[in-house]
Each structure stands twice: as structure tokens, then as C-alpha cells.
């Protein structure tokens, strides 16, 4: 699969949120989406990123955005992550990694000399027509919401 680029049609997806509700891109048509992929609930970088988006949610909503996080964790894991960190947005359980693969963010990672497959931390901004408006490959986990807002100034 070719790597997704700004201007491409965002791949449609569907998956269960933390409460078992089916969420799909098609059902979100007409909304602007911050679709962010992160490796794992309750790890330091992922928690910092989620908390940044939580703290900036009001400002992002003023810009018309709906925030949706995606990781390979289970619905139950997402419920705990949301409760522990007071998260105020939807998380999708992509346990079979189909959404991550469709967006090209399931790939080879390197850490401390070890190679393994995992989520490549990436955020896609999807416009109301389902087109990719922006892509963040280098996510500043502690200031991610500011990174998004600043990119529109």
C-alpha cells in the first residue's frame, strides 16, 4: 500500500469504542476528525499525548474537531485508561490492527537495538468530506494539542 498523503481520501474504518459502540468514519462524515494512533494505554508517552488532547479538547472543538484515539488495546483497557486519566473523548480498540494497517501506521519499530512491529505514533486530521487535511508523523506527546492548533495559524 502506498503511504497516505495530504489530499488523499481517508480510508474508511469501523471499530468498537471503549463501551462497545461501533464507530465508523462514514458515520462521522460532515465532522472534522483528529484521528490519532498511539502504541499502548497507560505508557508514559501515550498518557502525555492523551492528556494533552484532553486538556486542549475545548479549543479543538471550537475549531470543529472531534478527537478519536486508536490503539491495539482492548475495550476494557481503554475504559481503565479513560477513567484513570479523566479522558473526555472516544478511544477505538483496534485489537486486530486493521485500522492501523489501513492507515499505514502498523510497522517496524526500533527500541534499544531491538526491532519489532508496533504502532507508529501518527495523527491524521480528516476534513468534513473525509479527505486527509494534515498528517503529524513527529508527535510532541506533551504538547500535541498545541502542535495541531499551531499548524492552523
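The values are calculated or read from the model by the stated rules, or taken from the named source; none is laboratory data. The shown structure was predicted, so the numbers you read here are calculated from the model rather than taken from an experiment. Cβ sites come from the backbone with ideal geometry, for glycine too, and all protein chains shown count toward neighbours.
A few points about this structure:
- Scanning the stretch 137-153 for residues that are buried (at least 17 other Cβ atoms within 10 Å of the Cβ) and free of Cβ contacts under 8 Å to residues at least 12 places away in the same chain yields one hit, 147.
- Checklist (1) assigned to a strand (DSSP E or B); (2) free of Cβ contacts under 8 Å to residues at least 60 places away in the same chain; (3) surrounded by 14 or more Cβ atoms within 10 Å (Cβ to Cβ) applied to residue 77, failing item: (1)
- Restricting the stretch 101-128 to residues that are over 19 Å from residue 50 (Cβ atoms) and outside any strand (DSSP E or B) leaves a set whose member that is modelled with the lowest pLDDT is 112.
- Criterion (within 16 Å of residue 121 (Cα to Cα) and modelled with pLDDT of 95 or more) met by exactly one of 55, 41, 8: 41
- Residue 135 being closer than 21 Å to residue 7 by Cβ, in a strand (DSSP E or B) and at pLDDT 95 or above: yes
- Test: residue in the stretch 63-72 that is crowded, with 18+ Cβ neighbours inside 10 Å, on the phi < 0 side of the Ramachandran plot, part of a loop (DSSP other than H, G, I, E, B) and out of contact with any helix residue (DSSP H, G or I) (no Cβ under 6 Å at 6 or more places or on another chain): yes
- Here the stretch 100-117 is the region considered, the condition is being surrounded by 15 or more Cβ atoms within 10 Å (Cβ to Cβ) and either touching a residue at least 60 places away in the same chain (Cβ under 8 Å) or in contact with a strand residue (DSSP E or B) (Cβ under 6 Å, 6 or more places away or on another chain) (or both), and the residue that is farthest from residue 3 (Cα to Cα) is 100.
- Scanning the stretch 29-46 for residues that are closer than 17 Å to residue 93 by Cβ and in contact (Cβ under 8 Å) with a residue 24 or more places away in the chain gives 35, 36, 37, 38, 39, 40, 41, 42, 46.
- Taking the listed residues 97, 134, the one that is touching a strand residue (DSSP E or B) at 6+ places or on another chain (Cβ under 8 Å), touching a residue at least 24 places away in the same chain (Cβ under 8 Å) and under 18 Å from residue 23 (Cβ atoms) is 97, with no other qualifying.
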